[in-house]
Structures are given as structure tokens and as C-alpha cells.
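Notes to accompany the following structure.
What follows is calculated from the coordinates using simple rules that are stated; it is not laboratory data. All values reported here derive from a predicted model rather than from experimental measurement. Here the Cβ positions follow ideal geometry from the backbone for every residue, glycine too, while neighbour counts run over all protein chains shown.
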Amino acid sequence: AKDDPRTRDHILTAMRNEVDRMTGLVRDLVSLARMDAAEDLQLQRVDLTRVVEDVYEQTKAMAPQRQVSLRRCDGAWVDVDVDRIRQVLLNLADNAIKYTPPEADINFAVQSYDSTVQVSVADTGPGIPPRDLPKIFDRFYRTEHSRTREKGGAGLGLAIAKRIVEAHKGSISAASPPSGGTVFAVRLPAAR
Ligand code: ATP
Ligand code: MG
């Protein structure tokens, strides 16, 4: 049966998917290894709202049928490695798309305080069980729910996000209120 063209197509597709998965995994591991080596950040003074706007547009493009919103604020100046911070926010957006049903909303918000700028990525999905919350930033950790859902991630996205944010002297946290949904907050020192 392995000579049957349909079987062959099937095997080829499975192999291609596996190659894609491995490619993603290797890319993520390289990314983590570089952060381990504390590779220098390419700091640039930017209004974080600009970066969040990019990610907001990209999220709408990735999930056109979703309800996605953005709350901007003025003068959210930070000194950051723009590509890395974009990578952090894109993983949060990617997670919000992957781990919530299509009818769930995704809301971005930028807020500026005295000494910090905060970006939140909130969704109205199923939330994360309280016992999983402390572990989701660990390498390779995935909740039971998503492991069984076969979404193909390696469980590295949030570990990388945490490394990147901490390299900027910032912090990242997750909360899932009993009322539902998940909110990720990234706090970065405001530029002065
Ligand atoms: P990768 O990012 O490497 O592709 P991943 O998405 O599984 O894989 P993380 O981004 O680190 O890994 O997320 C870890 C786990 O946290 C996910 O597998 C999922 O179980 C849970 N999770 C993350 N974001 C959400 C969310 N918005 N709603 C529900 N569960 C989430
Ligand atoms: Mg992820």
C-alpha cells in the first residue's frame, strides 16, 4: 500500500508538517539560547503604542473573523529592542488565537504610568486553570487542554517572552479571573 499515490501524499504531508514543527522548535531553542547568552539588546526609543498597533494589525490579518480591539494611549515611551518586544506580543496574540474559540474576543491595551508602560493582551476564552497559571512560563509547559488539542506548539513561547521582558528589566504576568478569559500583562520601564 505504500506505493499507492494517496498513501504517499498522506505520508508526504505528515512529513512536511513534522519538518515545519521541528523548524519552529529549532528556531525557538536558538532564540532561548541567545537569551541565555544575554546577547545584547538593540535598544531604541519608541512609543510602544506603535509596536502594539503593528501586532494588532497582524492579529486581525491572522484571524480575520475575530473581534479584535486596541486601546491606545499617548506617550508610551520605552527603550526596547523592537523586534524582540514584537516577538513577545506576537506570541501572546498567537496564543490568544490558538487557545480560544473563534467567538472569543482579543483586546490589546497600552497604558502609561509614572515609571512603567503596560501592554495587556486579554481574551474572553476559557481561561487557564489556577493550578496551571504558575507553570505556563516554564519551558515546554503546556496545559493538558492544549496538549490534547494538537496545536503543535512546543510550549516555549511564554518562556522566551519572559526572558525577553526580564532582559528589559520588565515583568510579565498572567491572570484568569473566575469570570473567564485570560489577561497577559507586560510591564516595561518607561523611558526618561
Ligand atoms: P509555542 O508558543 O512554543 O508555539 P505554546 O503556545 O504551547 O507553544 P506557550 O506560548 O509558552 O507555549 O504557552 C504555554 C501554554 O499556556 C499553552 O500551551 C496553553 O496551554 C496555555 N495558554 C497560553 N495562552 C493561553 C490563553 N490565552 N488561553 C488559554 N491558555 C493559554
Ligand atoms: Mg505560544
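Details
- Computed lengthening from Glu103 to Asp83, 0.36 nm per intervening residue step minus Cα-Cα distance: 4.2 nm
- Net charge of Cβ neighbours under 13 Å - reference Val82; Lys, Arg +1; Asp, Glu -1: -2
- Each peptide in 130-140, 88-98 receives the mean, over its residues, of other Cβ atoms within 10 Å, and ordering these scores from highest gives 88-98, 130-140.
- Annotation: amide H of Ala191 within the under-5 Å range of Trp77, Val78, Asp79, sequence separation 5 or more or interchain, hydrogens built in the peptide plane.
- Packing order of peptides 166-175, 62-71, highest average first: 166-175, 62-71 (average count of other Cβ atoms within 10 Å over each peptide's residues).
- Remark: region 86-95, residue by residue, has Karplus-estimated 3J(HN,Hα) of 5, 4, 4, 5, 5, 5, 5, 5, 4, 4 Hz, where x stands for each Gly or Pro and the curve is 6.51 cos²θ - 1.76 cosθ + 1.60 at θ = phi - 60°.
- Scalar couplings 3J(HN,Hα) for region 7-21, obtained by applying the Karplus form with A = 6.51, B = -1.76, C = 1.60 to θ = phi - 60°, are 4, 5, 4, 4, 5, 4, 4, 4, 5, 5, 4, 5, 4, 4, 5 Hz; x denotes Gly and Pro.
- Highest to lowest packing among 108-114, 48-54, scored as the average C-beta count within 10 Å: 48-54, 108-114
- Across every direction, the projection of the convex hull enclosing the Cα atoms of the chain has a mean area of 12.9 nm².
- Modelled spin-label separation between Asp114 and Asn17, with each label point placed 7 Å from Cα along the Cα-to-Cβ direction: 5.4 nm.
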